[in-house]
Amino acid sequence: MKLLRQLSTRRLIALIAGFVAAAVATGVGSIAALGGSTQAPPPKPLDQALEAAVTAPRPEGVTARVRFTNNLFPSGALEGLPGSGGSALTSGGSGRLWWSPTGGGRIELQSEAGDAQILWDDKQVTVWDSSSNTVYDLPLPARKQNSQEKSQPPTLAEIDAFLKQLAEQASVSDMTPSELAGEPAYRVSVSPAHSAGLVGSLRLAWDALNGVPLEIAVHAQGQSSPALALTVTEISFGPVSASDLTVTPPAGAKRVELGGGAGKKEGTGGEQKVAGLAEVQAAVPFKVVAPEALVGLPRQGVQLIGGADKGVLVLYGHGLGAIALVEHAATDQGQSGISNLPAVALQGTTGHELATQLGTVLFFDQGGVRFVLAGSMPPAAAEAAARSLG
């Protein structure tokens, strides 16, 4: 969350890279062997198609060409920010992807705005933005896995149960047989059942023969073009060289550590979540602002964040309509670039706003506290929520 307080265009790169890496890593880890037909596959019930995808054997490796689309920021939204020269991650680009079941993966994106490299394994995501010569390291949380359940794919009954639960919150389209990247593919679209938030739909496509994810796209409400999308345009299967999974930035590259994790309770020797308004208030040097409700949304939790640079995360509401409120002690540091964002008048202060197709982030200081308010909502709604805190 410290990243949000020190917003610059270059630092937005790391947030977008999370989408790109997740789009590949969450699907490639359960993919299968070689396909080859260019004909659309036969119609099949969604649960059976998903079962076939998750039970297919893994390939020895994947090599692909990809296209990354980023329409998240309106034209001119990043103008004037530090590093606004851009990157393939802020403007979109195309490139290559490599994945190995034992070595992780790498995406190389090129664009006129600048190139980017994204590497990941089960411990860390690393992003190198060549246009700013900056390397971002984001540690991933350790996964707890029951050894008896290791590598056990979900059964058809479990998939049916999941789809039943999903149907309570979202509308799932009929599966459409298609063809993508020279592979027979299935496409499906998932849309929120209720109109909370600005997300219109999540559209997915995967290889019908082996479950390889071929596209993931997030659309804003009322928009035919995706806000964010990662699409495979060519793909082949076989062993991947270890050299394809590594890249060495120049010696002079700046390195930025992202993340931070939850607070630690003294004397435990381990990392534990510090939660609850009273407990969190006792751990920070500023007055926590956490009303029981915010613009009609009930408070869901208060949590300590940020490690040594202690801050507070307050959540309101559920799902796509939720609002996240991040609070730190206000200082003269950490404001680089924020003042270049559009200014908005709030209750007794001036905030700065970053509006995107999928949501709004609002930055403001008030009463010795620095706030970041974010949600999948239009600017007017975010401003109303911020004003109600005054």
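Here is how the numbers come out for the structure above:
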quantity: Residue list for region 51-62, restricted to those being under 23 Å from the mean Cα position of the chain (by Cα) and open to solvent by 20 Å² or more (accessible area, probe 1.4 Å); calculated: V54
quantity: Residues located in region 170-207, provided they are in contact (Cβ under 8 Å) with a residue 60 or more places away in the chain and in contact with a helix residue (DSSP H, G or I) (Cβ under 7 Å, 6 or more places away or on another chain); calculated: V172, M175, Y186, V188, P192, A196, G197, V199, W206
quantity: Unmet requirement for A290, which otherwise passes all of (1) aliphatic (A, V, I, L, M); (2) surrounded by 12 or more Cβ atoms within 10 Å (Cβ to Cβ); (3) at pLDDT below 90; (4) in a loop (DSSP other than H, G, I, E, B); calculated: (3)
quantity: Answer from D122, D115, D129 - the residue that is acidic (D, E), within 15 Å of P250 (Cα to Cα) and open to solvent by 50 Å² or more (accessible area, probe 1.4 Å); calculated: D115
quantity: Test for L245: is it aliphatic (A, V, I, L, M) and open to solvent by 30 Å² or more (accessible area, probe 1.4 Å); calculated: no
quantity: Exclusive hit being surrounded by fewer than 19 Cβ atoms within 10 Å (Cβ to Cβ), on the phi > 0 side of the Ramachandran plot and not charged (D, E, K, R), set G317, G306, G390, G368; calculated: G368
quantity: Hits in region 164-181 - residues which are surrounded by 16 or more Cβ atoms within 10 Å (Cβ to Cβ) and under 14 Å from W206 (Cβ atoms); calculated: M175, P177, S178, E179, L180, A181
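The values are calculated or read from the model by the stated rules, or taken from the named source; none is laboratory data. Given the structure is predicted, the values throughout are model-derived calculations rather than measurements. Quick reminder, even Gly has a Cβ in these numbers, built from the backbone with ideal geometry, and neighbours come from all protein chains shown. Just the protein is used for accessible areas: all its heavy atoms, side chains included, with ligands, DNA and RNA removed. Shrake-Rupley method; radii C 1.70, N 1.55, O 1.52, S 1.80 Å.
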